[in-house]
Amino acid sequence: MIPYNFTFLSHPKICSGLKALEHIPFELESLNARKPLVITSARWAKKGLAKTLTKALYDSNITIGALFTNAPNYPSVTIINELSKLYRDRGCDSIIALGSGGIAHIAKAVNMVVSLKTDILQCTDLTISSPLKPLICVPTADCEGGEMAAVAYYERFEKQSDFLYPDVIVIDSRITRHATSQEIANCALTSLAHAIEACGIVAPNPINDAYAHTALSFIYQYFPKTIKKPCYKDGSVAIVNAAACADTAFSNAPQGIVHTLAQAIALDTNLQPGIVMGILLRYSLAAKLHAKGGIRPELLLALAGIDTYAKTPEKDRQKAAYDYLTKCIDATCNYVPSTLKGLHIPHYKLKEYARLAAAKNKQHKENEYMALLEKSFEGK
Amino acid sequence: MNALQYPEIKPKKKFIKRIYIAVMLWVVGRAIQAAAKVDREVKEEFAKLKDNFLLKMWIWPNGPAMYVGKTKDGKVKYLGWKDKGYKPTLTMTIKSVEAAMLLFTFQEGTAISTARNRLVVDGDLPDACALVRILNIVEVYLLPKIIAKLAVKRYPKWSQMNPLRKHFGRILIYVRAFTF
């Protein structure tokens, strides 16, 4: 049966691989922009990434309006307003976010402020109805999920719009190879959770499945080696590509139980959402395996390839897919505890998280959230 | 926030790389002109092209560039690197100096470069395909086998280009390309 009832949008152009950074001037001019504001953090500037980006813009007509190298990891209203002022004062016409996590979300929030010509707090209630200024995302391998999706997180707000996708995503090993093993684990687990939840919905979308399966395949192939050696060029590029694919899939599917709960916990505890997702995902998959619908057997095809998929009897495919996925999660055992208790989350807080998650995402009931939290707490 | 901490940055130039690329474009341009006289295949490829065929190969956004075109009497001529108001029928734009370096240091062949989105072609597709075939032949003549293998998609077999033809053609192309 052709599942023809679906919608799908993937706006960003992905430039990945050797000398991908050098594509930026051409892409900026195609977007009719010549003066970008570059946003990065002190950490990445110290590692020389800002210099690498600046060199990539040599011999072009692109002038960097300002190279802001002090972006914090938390997208606060103060920093967004200050950067919006800097953008206007320098007459910039586009934004380059050099880094992941908070940096990308700050860039998106600044883009909303300068494009909609309003205050950031008012942006939350506004509907974005036209394209924003050109935004180029140059992610590092410490993605926290959502950088390359149609969503922006700032202060305690979450804004979703099709226009919040970056215009271009540039993935270059000179930028991605500097993350730590812990950050790679966080990035891979977030992508894994987003990809699985995107293709685990009731009415799957074939194009979305293609993105999610690509993300899963990249993670399964490259994650174990990259977590041992984070400077592995191909591996880090593959993990960020997986994050880009998973973010696109995530933008085109309803938010899942693992994502919603992890966000609620991360917001309260300041833990990295990927770490929490890694813990919750293991128990969510186990619960799904024993539930009526089970895990989609196509996941095995994405993870293990056509040979293994064809060799595995139909009735065993769900279990095999589950085994492959847990193997992936187990690769992070040195960096991620196996239970929520290991994260020192007090048990009395679980109810609050379940309530927060249920209020945010009404697709699941509070007792469903609570059941998953209870299972993940002790690891039963 | 002290905005003076974050100054405007103007892009610098990559002079040495640009000079290298300019020299390579000159050599390739002259070699195409010479090959059109020496090699039968190149001659046939050019004969199939339109009479007003004019190729512009350049590095975006500020050059260097190379112009090769057909004259009124049907001869192929390297027209230099300066734009003298030419109207190219085929424009091959290389997206950046670094992309051109990959191409002209033979780390990537024309086919791979196109596949990796480093080239933008504006003009008729058959003309572009013919030009890629011509460039491949010229590269085979200009470069030793070990390097030419990296630059072309398939190195011609013995039956397609015998060593006598190759070495004799190579001498003639070099002589014609570097003498005025």
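Anything in the range A:172-198 that is closer than 19 Å to residue A:213 by Cα and either over 14 Å from the mean Cα position of the chain (by Cα) or among the hydroxyl-bearing types (Ser, Thr, Tyr) (or both)? List them, or say none.
A:190, A:191
I'd like the full set of residues that are open to solvent by 60 Å² or more (accessible area, probe 1.4 Å) and touching a residue at least 12 places away in the same chain (Cβ under 8 Å), limited to the range B:123-146.
So in the range B:123-146, the residues open to solvent by 60 Å² or more (accessible area, probe 1.4 Å) come out as B:124-126, B:129, B:133, B:144-146.
Passing the criteria: B:124, B:133.
So, of the residues in the range B:3-34 that are surrounded by fewer than 16 Cβ atoms within 10 Å (Cβ to Cβ) and closer than 20 Å to residue A:35 by Cα, which turns out to be farthest from the other protein chains (Cβ to nearest Cβ)?
B:4
Kindly provide the set of residues from the range A:130-148 that are part of a strand (DSSP E or B) and in contact with a Pro (Cβ under 9 Å, 6 or more places away or on another chain), ordered by number.
Let us first name the residues in the range A:130-148 that are part of a strand (DSSP E or B), namely A:135-138.
Of everything in the range A:130-148, those that are part of a strand (DSSP E or B) and in contact with a Pro (Cβ under 9 Å, 6 or more places away or on another chain) turn out to be A:135, A:136, A:137.
Got a sec? Which of A:52, A:69 is at pLDDT 90 or above, more than 9 Å from chain B (Cβ to nearest Cβ), touching a helix residue (DSSP H, G or I) at 6+ places or on another chain (Cβ under 8 Å) and open to solvent by 20 Å² or more (accessible area, probe 1.4 Å)? Can you show your working first?
Numbers: A:69 fails: more than 9 Å from chain B (Cβ to nearest Cβ).
Unique residue meeting the criteria: A:52.
Please state which of the following conditions residue A:37 fails to meet, knowing it meets all the rest: (1) facing chain B (nearest Cβ under 10 Å); (2) open to solvent by 10 Å² or more (accessible area, probe 1.4 Å); (3) under 24 Å from residue A:153 (Cα atoms).
Against the list (1) facing chain B (nearest Cβ under 10 Å); (2) open to solvent by 10 Å² or more (accessible area, probe 1.4 Å); (3) under 24 Å from residue A:153 (Cα atoms), residue A:37 comes up short only on (2).
Taking residue B:50 as the residue in question, decide whether it is more than 30 Å from residue A:89 (Cβ to Cβ), part of a helix (DSSP H, G or I) and open to solvent by 80 Å² or more (accessible area, probe 1.4 Å).
No, not satisfied.
Restricting the range A:79-93 to residues that are open to solvent by less than 50 Å² (accessible area, probe 1.4 Å) and under 18 Å from residue A:104 (Cα atoms), which is nearest to the other protein chains (Cβ to nearest Cβ)?
Among those residues, the one meeting the criterion is A:86.
For the range A:14-33, give me each residue that is open to solvent by less than 20 Å² (accessible area, probe 1.4 Å), facing chain B (nearest Cβ under 8 Å) and within 13 Å of residue B:60 (Cα to Cα).
The answer is A:22, A:23, A:25.
Would you say residue A:265 is within 15 Å of residue A:183 (Cβ to Cβ) and part of a helix (DSSP H, G or I)? Break it down into steps so the answer makes sense when it comes.
Values: within 15 Å of residue A:183 (Cβ to Cβ): no; part of a helix (DSSP H, G or I): yes.
Against the criterion (within 15 Å of residue A:183 (Cβ to Cβ) and part of a helix (DSSP H, G or I)), residue A:265 does not qualify.
The values are calculated or read from the model by the stated rules, or taken from the named source; none is laboratory data. Predicted, not measured: the structure shown is a model, and the values here were computed from it. Here the Cβ is made from the backbone with ideal geometry for all residues, glycine too, and neighbour counts use every protein chain on show. Note: accessible area is taken over every heavy atom of the protein model, side chains too, but ligands, DNA and RNA are not part of it. Shrake-Rupley method; radii C 1.70, N 1.55, O 1.52, S 1.80 Å.
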